[in-house]
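Engineer: Let me give you the structure first, and then I'll get to my questions.
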């Protein structure tokens, strides 16, 4: 009886595990998405009485995408339009990519420079202004919090205990 039970388990669940994992994330048009990550969109915050520019915000913000904003918009306001930075973002390494006169350039700055712009000494840093077709990148990497580690460890422990119970049941 135990051999039949083991045979049934192996041949019933093994193909599901193998072929189910092969298809996850490798199909064209699959909806693989990182937790908290959203797809880009177009947002219009233009002012009809001012000159408007189109800029992009990508990375670890709540609403990444393309933005149509007034020319007087600051980088802090643009991040605010994008819903603010996510918990996983690295605010000490913000970047603006810009093309001027056929040359690409990258401007790095710190979010604290934006927040305390009035109190900065002129010799330390300059806060960049936005220009048309700028791309603001908010870098970061997903972080695991206690609840994530707890969930992962709980699932591993439950899988190991189930496997142990199965092996003990089969060997008796």
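Engineer: Please state which of the following conditions residue 168 fails to meet, knowing it meets all the rest: (1) surrounded by fewer than 10 Cβ atoms within 10 Å (Cβ to Cβ); (2) within 30 Å of residue 93 (Cβ to Cβ); (3) without any contact (Cβ under 8 Å) to a residue 40 or more places away in the chain.
Structural biologist: (2)
Engineer: So which residues in the stretch 58-80 are part of a helix (DSSP H, G or I) and crowded, with 18+ Cβ neighbours inside 10 Å, if there are any at all?
Structural biologist: Pass one, the stretch 58-80, residues part of a helix (DSSP H, G or I): 75-80.
Residues satisfying the conditions are 75, 78, 79.
Engineer: Further question: Filter the stretch 65-75 down to the residues that are on the phi < 0 side of the Ramachandran plot and free of Cβ contacts under 8 Å to residues at least 40 places away in the same chain and list them by number.
Structural biologist: 66, 67, 68, 70, 72
Engineer: Can you work out which of the residues in the stretch 96-116 that are touching a residue at least 40 places away in the same chain (Cβ under 8 Å) and buried (at least 17 other Cβ atoms within 10 Å of the Cβ) is nearest to residue 44 (Cα to Cα)?
Structural biologist: Among those that are touching a residue at least 40 places away in the same chain (Cβ under 8 Å) and buried (at least 17 other Cβ atoms within 10 Å of the Cβ), it is 96.
Where a number appears in this text, it was derived from the coordinates with a stated rule and is not lab data. In this text the structure is predicted, and so the values were computed from the model without any measurement. Heads up, the Cβs are rebuilt from the backbone with ideal geometry, glycines too, and the neighbour counts pull from every protein chain shown.
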